[in-house]
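Beneath this line is the structure, given in structure tokens, with notes to follow.
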Amino acid sequence: MTTDTLGGVARRRPWISPHALRRNLVAWIFMLPAAALLVVFLTYPLGLGVWLGFTDARIGRPGMYVGLENFEMLWDDSVFWLSVFNTVLYTTVASLLKFALGFWLALLLNEHLPFKAFFRAIVLLPWVVPTVLSAIAFWWIYDAQFSIISWVLIKWGWIDAPINFLGDVANARASVIAANVWRGIPFVAITLLAGLQTISPSLYEAAALDGATAMQRLRYVTLPLLTPIIAIVMTFSVLFTFTDFQLIYVLTRGGPVNATHLMATLSFQRGISGGQLGEGAAIAVAMIPFLLAAILFSYFGLQRRRWQQGGTDR
Amino acid sequence: MSSADTTARAAGDSGGMRYLDSLPRRVVTVYVPLVLFVFVLLFPFYWMAITAVKPNNEMTNFNQFNPFWVVAPTLDHIRYLLLETSYPGWLWNTTLIAAAATFLSLIASVFAAYAIERMRFSGSRQIGLGIFLAYLVPPSILFIPLALMVFSLGLYDTKFALILTYPTFLVPFCTWLLMGYFRSIPFELEECALIDGASRWQILTRIILPLAVPGLISAGIFAFTLSWNEFIYALTFIQSSENKTVPVGVLTELVRSDVYEWGALMAGALVGSLPVVILYSFFVEYYVSSMTGAVKE
């Protein structure tokens, strides 16, 4: 055990000493289970997926390398471009709404409230429950004949006939976005609340003494201090919204006339249901540039946060 | 000092500048929006629950029965679900798969997080970053190649297909979370143990793990919930009814094209949500800390 004690000294030497070597060896043994799982079931499939995008593999038949054929086919495929458009629309609108409403809810929960812990616990429920199961509840809420929303609106005299929530292009898009926002608000609200709670009240008091209105305090105190955590939360939110699959699969399966097909659902439809693994993989590969952009954004968000906290960029 | 002054100070100390707002103003700016938020966020659960106990004739007859309430509650849908479908089997599968995947991921993550955070081996920083990036790889781009792998490994339509693939999103998350917890444990404790002659293994099991129990609980219940809620892998890798998980089973077996059994569907959604909701209600603080921890670290 003396070797470990000396490890701290050995580490500073420029060459790799036997102590450091042994220390590395133990560390690598500790890393082994996680590394093995991730390399076999994450890194390798990621590479395999990219490779599959360049083949004509089908279910039950190993594919041949076909170059860019899949991508050329997708380039001329109006359904693919529609799915790209839908994904961007879905992500943009849902993320903006999630941020606005989630931020508002976080500000409300940051107030001095009775039963604060209880409210916070309840608010997180939509996020805890399996998406597919809550989506099934939304399916019933959006029923063409027996929708509770239609019933209430008819009762109030706002509309005459039940709304066709999932059968009409614009309605279907709005409906799936609403369901996604419903599920995403708690995550944004609770994480932003955690950020809000770290802001010292004395800053608001100082701003108020200097004559800042509530709106100005929000704009010039809360927002700047919260920017780093907003960047990270929204990156996660954008990432998960962009790759969403479950909600669409339950509510519309991409319909009506592909108006709500996202890239992920189209990839599943072509790759698994249709058996064209190569084409499905090519659609998944086409998502990667968007994801990389989001990840880079997140990476720089993290860097900035350390710097703002007075830490060093490790 | 007058008593009014003292109360104002007390209020100021406990609630920031709250004393500047009048009550009616607070009702409009805080309570009304908050109640609206809570109503919208909870309504689907109420609707799920009320439909699950509603007899079919009430469900489709809005003229005679108010849809928001149930006149003659029935357990028929739940009885049908538990006795005439494979639902109990799906519940068991989901529990087993989620527990096994969580256990496997926790073990791998504890070792990995300890090594990255405390052993400072060459390349540990890069590996830490790699783990974070792995967390950002979504299942939606992995399921096609994984399906191919699962098939060629002979795991298709078995529980092992899911137990082995769920760690792809659980291990990065748990490792990332545990790294944060290990970081908060003072270095000095380890140094004392090293001087007293403890091995790395002893330090981990006798000192670090007991201190990191809250972190382990956070990571564990969170991982369990993520596995319970997983859908796309379960949909792709499982075919036979007896191996399905709850989300896949409810969607693919209870939904028939001709007529929708809304009562049974809602009962299935409700019963399938209950385990995670119960788990959540016991460990709210751990959930919140793991959720905020994952973004804050």
**Report entry** residue A:113 being more than 7 Å from every other protein chain (Cβ to nearest Cβ), open to solvent by less than 60 Å² (accessible area, probe 1.4 Å) and touching a helix residue (DSSP H, G or I) at 6+ places or on another chain (Cβ under 7 Å)
**Finding:** yes
Report task. Check region B:4-22 and report whether any residue there is surrounded by 11 or more Cβ atoms within 10 Å (Cβ to Cβ), within 10 Å of another protein chain (Cβ to nearest Cβ) and modelled with pLDDT of 85 or more. Result -> no
Query raised in the report: Does residue A:235 satisfy the condition of being more than 10 Å from chain B (Cβ to nearest Cβ) and open to solvent by less than 10 Å² (accessible area, probe 1.4 Å)?
Result: no
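Among the residues of region A:127-182, count how many are among the acidic types (Asp, Glu) and within 13 Å of chain B (Cβ to nearest Cβ). So that I can check it myself, show each step before the final result.
Looking only at region A:127-182, we keep the residues that are among the acidic types (Asp, Glu), and these are A:143, A:160, A:168.
Cutting the leftovers down to within 13 Å of chain B (Cβ to nearest Cβ) gives us A:143.
Summing the residues that are among the acidic types (Asp, Glu) and within 13 Å of chain B (Cβ to nearest Cβ) in region A:127-182 gives 1.
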Query raised in the report: Can we say residue B:147 is in the same structural domain as residue B:230 (by TED's automatic domain parsing), open to solvent by less than 60 Å² (accessible area, probe 1.4 Å) and either among the polar types (S, T, N, Q) or at pLDDT 90 or above (or both)?
Result: yes
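Within region A:184-200, can one find any residue that is open to solvent by 60 Å² or more (accessible area, probe 1.4 Å) and assigned to a helix (DSSP H, G or I)?
Our first condition is that a residue be open to solvent by 60 Å² or more (accessible area, probe 1.4 Å); within region A:184-200, this holds for A:197-198.
Then keep just the ones that are assigned to a helix (DSSP H, G or I); that gives none.
No, the conditions are met nowhere in region A:184-200.
Is there a residue being facing another protein chain (nearest Cβ under 10 Å), outside any helix (DSSP H, G or I) and modelled with pLDDT under 85 anywhere in region A:282-294? Quick ask: steps written out before the conclusion?
So the first thing to find is which residues in region A:282-294 are facing another protein chain (nearest Cβ under 10 Å), and the list is A:282-288, A:291-292, A:294.
Narrowing further to those that are outside any helix (DSSP H, G or I): none.
No - not one qualifying residue is present in region A:282-294.
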Query - Residue ID - farthest from residue A:197 (Cα to Cα), chosen from residues in region B:23-68 that are at pLDDT 90 or above and open to solvent by 60 Å² or more (accessible area, probe 1.4 Å) - result: B:46
Report task. Can you give me the number of residues within region B:118-132 that are under 25 Å from the mean Cα position of the chain (by Cα) and either closer than 27 Å to residue A:58 by Cα or in contact (Cβ under 8 Å) with a residue 12 or more places away in the chain (or both)? Result -> 3
Query - Boolean, residue B:233 is closer than 23 Å to residue A:271 by Cα and either out of contact with any Asp or Glu (no Cβ under 9 Å at 6 or more places or on another chain) or within 10 Å of chain A (Cβ to nearest Cβ) (or both) - result: yes
Report task. Working only within region A:35-62, note down all residues that are farther than 29 Å from residue B:115 by Cα and more than 7 Å from every other protein chain (Cβ to nearest Cβ). Result -> A:50, A:51, A:53, A:54, A:55, A:56, A:57, A:58, A:59, A:60, A:61, A:62
Report task. Output the qualifying pairs, or none if there are none: Cβ atoms under 6 angstrom, residues six or more apart or on different chains, first residue in region B:35-53 and outside the structural domain of residue B:262 (by TED's automatic domain parsing) and farther than 18 Å from residue B:273 by Cα, second residue of a type outside the set (Gly, Ala, Ser) and open to solvent by less than 10 Å² (accessible area, probe 1.4 Å). Result -> B:37/A:105
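Filter region A:56-83 down to the residues that are open to solvent by less than 20 Å² (accessible area, probe 1.4 Å) and not in a loop (DSSP other than H, G, I, E, B) and list them by number.
A:70, A:74, A:80, A:83
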Report task. Could you tell me whether region A:269-277 includes any residue that is assigned to a loop (DSSP other than H, G, I, E, B) and of a type in the set (Gly, Ala, Ser)? Result -> yes
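From the list B:97, B:185, B:107, pick out the single residue that is open to solvent by less than 40 Å² (accessible area, probe 1.4 Å) and part of a helix (DSSP H, G or I). Before you say what the answer is, go through the steps one by one.
Working: B:185 fails: part of a helix (DSSP H, G or I); B:107 fails: open to solvent by less than 40 Å² (accessible area, probe 1.4 Å).
Every option except B:97 fails the conditions.
Sort through B:118, B:125 and tell me the only one that's among the basic types (Lys, Arg), open to solvent by 40 Å² or more (accessible area, probe 1.4 Å) and at pLDDT below 90.
Details: B:118 fails: open to solvent by 40 Å² or more (accessible area, probe 1.4 Å).
Unique residue meeting the criteria: B:125.
Determine, yes or no, whether residue B:72 is touching a helix residue (DSSP H, G or I) at 6+ places or on another chain (Cβ under 8 Å), outside the structural domain of residue B:252 (by TED's automatic domain parsing) and among the aliphatic types (A, V, I, L, M).
Numbers: touching a helix residue (DSSP H, G or I) at 6+ places or on another chain (Cβ under 8 Å): yes; outside the structural domain of residue B:252 (by TED's automatic domain parsing): yes; among the aliphatic types (A, V, I, L, M): yes.
Yes: the conditions hold for residue B:72.
Only one of these is farther than 21 Å from residue A:89 by Cα and open to solvent by 50 Å² or more (accessible area, probe 1.4 Å): A:156, A:127, A:151, A:140. Name it. Steps first, answer last, please.
Working: A:127 fails: open to solvent by 50 Å² or more (accessible area, probe 1.4 Å); A:151 fails: open to solvent by 50 Å² or more (accessible area, probe 1.4 Å); A:140 fails: open to solvent by 50 Å² or more (accessible area, probe 1.4 Å).
Only one candidate passes the filter, namely A:156.
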Report task. Would you check which residues across region B:168-182 are in contact with a Phe, Trp or Tyr (Cβ under 7 Å, 6 or more places away or on another chain) and open to solvent by less than 10 Å² (accessible area, probe 1.4 Å) and list them? Result -> B:168, B:172, B:173, B:182
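Out of the residues in region B:79-94 that are among the aromatic types (Phe, Trp, Tyr) and open to solvent by 50 Å² or more (accessible area, probe 1.4 Å), which is nearest to residue B:131 (Cα to Cα)?
Residues of region B:79-94 among the aromatic types (Phe, Trp, Tyr): B:80, B:87, B:90, B:92.
Add one more test, that the residue is open to solvent by 50 Å² or more (accessible area, probe 1.4 Å), and what stays is B:80, B:92.
Details: B:80: 45, B:92: 31 Å.
So, considering only residues that are among the aromatic types (Phe, Trp, Tyr) and open to solvent by 50 Å² or more (accessible area, probe 1.4 Å), the one nearest to residue B:131 (Cα to Cα) is B:92.
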Query - Selection from region A:20-55 of residues that are over 21 Å from residue B:130 (Cα atoms) and either open to solvent by 50 Å² or more (accessible area, probe 1.4 Å) or within 30 Å of the chain's Cα centre (by Cα) (or both) - result: A:21, A:22, A:51, A:52, A:53, A:54, A:55
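The values are calculated or read from the model by the stated rules, or taken from the named source; none is laboratory data. Quantities reported herein were computed from a predicted structural model and do not represent experimental measurements. A quick note on method: Cβ atoms are made from the backbone with ideal geometry, for glycine too, and the neighbour counts reach across all protein chains shown. The area values use the complete protein model at the heavy-atom level, side chains included, leaving out ligands, DNA and RNA. Shrake-Rupley method; radii C 1.70, N 1.55, O 1.52, S 1.80 Å.
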